[in-house]
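Note sheet for the following structure.
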Amino acid sequence: MDFVDRFIEHRRGAKKTVVQTQNKFEESKSLKESMSVKQKAEQSIRAKLRPLFLRPLELLSS
């Protein structure tokens, strides 16, 4: 194996790590997006349920 072959193999390895890093970044990005979607859903559910819980408490306290 001469210098050129070793250099080409080295570059292939570098490209693989770049692609792997990019994939990990995209996975974490999609994970964050799905987490934010989940959080938004939880917030809307809480907003809808809060009055249902507060109304009986007001009735009890009055």
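No value in this document is a laboratory result; all are computed from the given coordinates. Since we're looking at a predicted model, the values are computed, not measured. Here Cβ is always computed from backbone atoms with ideal geometry, including for glycine, and neighbour counts include all displayed protein chains.
Structure notes:
- Subset of region 1-24 [surrounded by 10 or more Cβ atoms within 10 Å (Cβ to Cβ) and outside any helix (DSSP H, G or I)]: none
- Qualifying positions in region 25-62 - polar (S, T, N, Q) and assigned to a helix (DSSP H, G or I): SER28, SER30, SER34, SER36, GLN39, GLN43, SER44, SER61
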